[in-house]
Amino acid sequence: MTVSKRTFLLWFFGGLAAFAITLYLHIPLAIDSVPGGIADHQSAPDAATVDAIQNSWRAAGLSNQAAIAMVSDLIFIGIYGVGCVLGGLYYRAKAASALRILGWLALISGAVFLVTDYGETIAQFIQLMQSAGDDGLANFASTVRPIKMFTWSSAFLAVIAALLVERFSTSDA
């Protein structure tokens, strides 16, 4: 599959813009009783913890804000994840071995990010919509969270590194 640099950059930087919007929408969820905001919900290991967080948001009038923030997260995940996968496809086809390696890293990390972050966020969203925590969903979300965080970072760094290697390369990459 051939991917243009323009296409992958639109998706990748579009994903970063969507991430900024998502972070902004998450800010109101960080309240005294839930200082970590959405991150506390993501890392909640059981139904009781999810219930405590959601009850705090509900008492603060933030249930709708939590739903909006999670929907924005779902949108961000798709745009950013596709951008990383497309960046990986673009760079794995290059002649320079450093770019090929970074391309594979971006591709694999982007794909794993898509799967784990969608799984985590869908598990969260189900619990929010049911207004009740679920031990299985909470455990799943909290278990995949570190993988999601790692692959978000590794995909980002791989794409940025590939852009820099390509930019400063003296050979025709």
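Every number here is computed from the coordinates shown, using simple stated rules; none is lab data. Bear in mind the structure is a predicted one, so any value in this text is a computation, not a measurement. Quick reminder, even Gly has a Cβ in these numbers, built from the backbone with ideal geometry, and neighbours come from all protein chains shown.
Given H placed 1.01 Å from N in the peptide plane, which residues other than close sequence neighbours of Ile31 have an amide H under 5 Å from its amide H?
Long-range HN contacts for Ile31: Gly37.
Measure out, as a whole number of angstrom, how far apart the alpha-carbon centroids of segment 1-56 and segment 105-167 sit.
Answer, in whole Å: 10.
Considering all alpha-carbon pairs of segment 59-133, what whole percent are spaced by more than 21 angstrom?
Cα-Cα pairs in segment 59-133 separated by more than 21 Å: 42 percent.
Where nothing but the Cβ of Lys and Arg (+1) and of Asp and Glu (-1) is charged, how large is the charge dipole of the chain around its Cα centre, in debye to the nearest 20?
Once rounded to the nearest 20, the dipole reads 860 debye.
Give the Kirkwood hydrodynamic radius (Å, one decimal) of segment 98-171, defined as one over the mean of 1/r across all pairs of different Cα atoms.
Result for segment 98-171 stands at 13.6 Å.
Mind checking the angle between helix 47-59 and the chain's longest principal axis? C-alpha axes, 0 to 90 degrees, to the nearest 10.
Roughly 80 degrees, rounded to the nearest 10.
May I ask for the angle, rounded to the nearest 10°, between helix 5-26 and the longest principal axis of the chain, with both axes built from Cα atoms and the value confined to 0 to 90°?
20 degrees
Using only Cα atoms, figure out Rg for segment 32-78 and give it as a multiple of 2.2 N^0.38 Å.
The reported ratio for this selection is 1.13.
Given the options Ala111, Ala96, Ala123, state which has the largest fluctuation in a GNM of the chain using a 10 Å cut-off (strictly under) for Cα springs.
Ala96
Measure nothing but the geometry: give the 0 to 90° angle between the long axis through the Cα atoms of 63-92 and the longest principal axis through the Cα atoms of the chain, rounded to 10°.
Long axis of 63-92 versus the principal axis of the chain: about 20 degrees.
Using the Kirkwood radius over C-alpha pairs as Rh, can you work out the diffusion coefficient of segment 1-103 via Stokes-Einstein at 37 °C, viscosity 0.692 mPa s, in µm² per second? Could you put the intermediate results ahead of the total?
On the way: Rh = 15.5 Å.
Answer, rounded: 212 µm²/s.
Taking only the C-alpha atoms, wrap a convex hull around the chain and report its volume per residue in Å³ as a whole number.
Each residue corresponds to 100 Å³ of Cα convex hull volume.
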